[in-house]
Every structure is written in structure tokens, then in C-alpha cells.
1. In region 8-62, how many residues are more than 14 Å from residue 195 (Cβ to Cβ), in contact with a Gly (Cβ under 6 Å, 6 or more places away or on another chain) and outside any loop (DSSP other than H, G, I, E, B)?
2. When the residues of region 125-147 are filtered to those that are of a type in the set (Val, Ile, Thr) and out of contact with any Ser or Thr (no Cβ under 7 Å at 6 or more places or on another chain), which remaining residue is surrounded by the most Cβ atoms within 10 Å (Cβ to Cβ)?
3. All but one of (1) out of contact with any Leu (no Cβ under 7 Å at 6 or more places or on another chain); (2) surrounded by fewer than 23 Cβ atoms within 10 Å (Cβ to Cβ); (3) within 20 Å of residue 26 (Cβ to Cβ) hold for residue 93; which doesn't?
4. Among (1) touching a residue at least 60 places away in the same chain (Cβ under 8 Å); (2) under 19 Å from residue 54 (Cα atoms); (3) loosely packed, with under 14 Cβ neighbours inside 10 Å; (4) not small (Gly, Ala, Ser), there is one condition residue 190 misses while meeting the rest; what is its number?
5. If you go through region 103-120 one residue at a time, do you hit one that is surrounded by fewer than 24 Cβ atoms within 10 Å (Cβ to Cβ), at pLDDT 95 or above and assigned to a helix (DSSP H, G or I)?
6. Does region 204-232 hold any residues that are in a loop (DSSP other than H, G, I, E, B) and not polar (S, T, N, Q), and which are they?
7. Filter region 121-153 down to the residues that are of a type in the set (Val, Ile, Thr), over 27 Å from residue 172 (Cα atoms) and assigned to a strand (DSSP E or B) and list them by number.
8. Given the criterion on the phi < 0 side of the Ramachandran plot and over 16 Å from the mean Cα position of the chain (by Cα), identify the matching residue among 122, 39, 59, 109.
Amino acid sequence: MSSPGPETVRTTWATVPTRKLTAGGVTYAYRELGPTGGVPVVLLTHLSAVLDNWDPRVVDGLSRERHVIVFDNRGVGATTGRTPTTVAQMAEDATAFIRALGHARVDVVGFSLGGMIAQRLVAQAPGLVRKLVLAGTGPAGGDGIARVTAVTYLDVLRGLLTRQDPKTYLFFTRSQPGRQAATDFLARLEERTVDRDTAIATSAFRAQLKAIGRWGRQAPDDLSKVPIPVLVVNGERDRMVPTSNSLDLDRRLPDSRLVIYPDAGHGAIFQNHEDFVSRVLAFL
């Protein structure tokens, strides 16, 4: 196992170095920043995303107060191996990575596919997660999750036809504020100009879609047994993982708080990054 680096990492998301750590035969690409000490915050990201798809305003905002860790799961970006086709295996890989870094207790922020992985992480590794934030995601067997592949391919096609990034359609509403939020978000993703991550491979993207489809078709979990506090966040018009799933999570989790942003879609946490960061830091 490689060294996790210096005791304290104080930098920004645009400049923090990418590190490598090997666990279970997989070499993970990851970045960490913010003050060390206490419980670190691990970020689990969305379908097709690599390290550079995290909004710098979210990562930098959280790292002002917390030690933040972000990594590419197996087969994604610069991490080696073959991408799993089940959410459960992705959660096992996340557990292996976290424990290889030497952490016995973490807080987790899971967005979209990352939120699905986070739910399995809590179930498969009891005691590892202290508090959980679930953003733009849904439970196993949730409403419309099995249709994520169709929605994704539709908006990829729309992006090609209009010469726009598909996230413009997948993450944001078509109102004027929504379109402006998309423009601003995409610009922020380009702020890092050195040591950028490797784009996701088509095979890895397809494996992730298969995993999400399976998650959407499997039997629901008993969320009443989740023993930790959970913050559930989404936009009121999420096309990818319908907002009804966030309401469902809030109803079924025994200790949850719900935030629904108006005139926002799947990428509500990026459109409302200042408020989101503030709420997450207060919750954690």
C-alpha cells in the first residue's frame, strides 16, 4: 500500500495532486484536501464521472472545514481494474479503498450512482459510515431508476444534435436560471488545467449503466434498519433519478432530513452549491 501523503493537505481542487493507493489488487486514483483530524468526508460520484467531474465549489467548500477524500472507483478514470456491473461490488471496492487509507470511520456524500453505492456501503460495512448525505439518488427498486439508461442515451443524443454537453439536459432545468447554472457549472469543471484525470472508458460507462439498471430492478431494501442520520437532497425536477425517490428515501429512513431545491434538476447540488455546502457542513 502506498503512503496516503502528508499529514495535512491544504490546497484547492484545481491544484491538489492526484495520488495512487493499491488495495486488493486495484490501484486507486484519489485526491484529498482540507484539514486532517476527526472524521473524513468521502465523496462518491455519479454515472460516467471521474475526479474532475466534481464541482470545485462543492469540494473546496467542504474542505474549508473538513478533510475531504475523492477517488475513482475500480475501472474508472485512472483507477485500474474492470468496472463492476453491480452496485454491491462497487460498495465493496469503496470499503476496501477507505480501509486501505487507514480510516475506520467516515462520513459519506453520495451523488446519483454514488448515492446508491453509499447505501450499500452502509449495509455491507456496519459501523464504517457515521453520517450520510444522499443527493440526486434513490433506493433499490426505486421509481424510474431502471430507465436511467434510456434517459441518458436520449440526452447524449440531444447534446450531440445541439453541440452541448449532455449534462446541460441531464442535470439542469431548461428555465433561464437552469440554463445559466449549467453554463456556470461546466465552466467550473474546466478550472483545473494540470494533472487532469483520464476520461471514463466506454466499457466502464456501460458497466455502470448495467449496475444502475440492476439496482432499479432489484427488490427494495429495508431502510428502516439504517442506523445513522441521513441528509436527503435533490431538485424538484430530477429527470435522471425522479425526485419521488428522494421523497421515498425520506419517508423510509428512520433518521432523515429532506431538502428539495426549486427550479432545479439532478444537478441541484451544483446549481445551489453554496447552500448545499452550508447545509452539509451543519449536518455533519
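The values are calculated or read from the model by the stated rules, or taken from the named source; none is laboratory data. In this text, all values refer to a predicted model and were calculated from it rather than measured experimentally. Positions of Cβ are generated from backbone atoms using ideal geometry, with glycine treated the same way; all protein chains shown enter the neighbour counts.
1. Number of matching residues: 2.
2. The initial filter retains those residues of region 125-147 that are of a type in the set (Val, Ile, Thr), namely 129, 133, 137, 145.
Then drop every residue that is not out of contact with any Ser or Thr (no Cβ under 7 Å at 6 or more places or on another chain), which leaves 129, 133, 145.
On the way: 129: 25, 133: 29, 145: 24.
Checking each candidate, the answer is 133.
3. So residue 93 meets the others, but not (2).
4. Among (1) touching a residue at least 60 places away in the same chain (Cβ under 8 Å); (2) under 19 Å from residue 54 (Cα atoms); (3) loosely packed, with under 14 Cβ neighbours inside 10 Å; (4) not small (Gly, Ala, Ser), residue 190 violates only (1).
5. Checked region 103-120: at least one residue is surrounded by fewer than 24 Cβ atoms within 10 Å (Cβ to Cβ), at pLDDT 95 or above and assigned to a helix (DSSP H, G or I).
6. Here is the first cut: in region 204-232, the residues in a loop (DSSP other than H, G, I, E, B) are 218-222, 226-229.
Selection gives 219, 220, 221, 222, 226, 227, 228, 229.
7. 129
8. 39
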